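Peer 1: Structure incoming, see below.
Every read-out reported here was derived from the displayed coordinates using simple, explicitly stated rules and does not represent laboratory data. Predicted, not measured: the structure shown is a model, and the values here were computed from it. Cβ atoms come from the backbone with ideal geometry, glycine included; neighbour counts cover every protein chain shown.
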């Protein structure tokens, strides 16, 4: 009697791989790992990855609920840091201005880049606080190659603007004389009852019934 091979469940065998894939695909966890790596030398201590993940998850949940205070705080802090970089790089450029022109120019370029990033950060903060107003038109797309725009007022104004400057009358020369400038204008009237000779009976048919 043949012995059957024991087959292990694939779910238990693939569980670690699936768990690792979910962890890597989780953007909050990935950013937590990066923050933990860069935060260790900056703050001089080990940053707990689990606590960092929980903190970022709570902030992300508040953002989804409409509370953007954490994002606003981050942008304000980044703008202040970029402004500090701009001031420090400008000072370094000024110190090298007399003797080392190349170094002064490089520092000034970096300072202007920091200034531009600071301005972009403040613009992003302003858009979060007061989003720009967008005017849109409603459009209904029917089956096939057909589009219906529900902006009757705008179309009517456009049509009026197009037809307003096209007079429906004949053009005349602007020289004081009544001279028509368009083709097909009526010619000078002729007198009635003119003396016209009758037709000559040449090559007439001999059959009067026709």
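Peer 1: Using Cα-only point scatterers and the Debye equation, what is log10 of I(q)/I(0) for the range 14-66 at each q in 0.13, 0.19, 0.26 Å⁻¹, rounded to two decimals?
Peer 2: -0.39, -0.72, -0.98
Peer 1: Report relative contact order for the range 14-66 in percent, whole number only (criteria: Cα-Cα under 8 Å, sequence separation at least 6). Each step should come with its number before you reach the end.
Peer 2: Details: 22 pairs, mean separation 14.5, N = 53.
That works out to 27 percent.
Peer 1: Just want to confirm a number: the relative contact order over the range 68-131, from Cα pairs under 8 angstrom separated by 6+ residues, in percent.
Peer 2: 44 percent
Peer 1: Okay, next question. Note down the nm distance, to one decimal, between modelled labels 7 Å out along Cα→Cβ at residue 100 and at residue 61.
Peer 2: 5.2 nm
Peer 1: Applying 1/(1 + (r/R0)^6) with R0 = 45 Å to the Cβ-Cβ distance of residue 109 and residue 69, what FRET efficiency is obtained, to the nearest 0.05? Working shown, then result.
Peer 2: Values: r = 35 Å, r/R0 = 0.78.
After rounding to 0.05, the efficiency reads 0.80.
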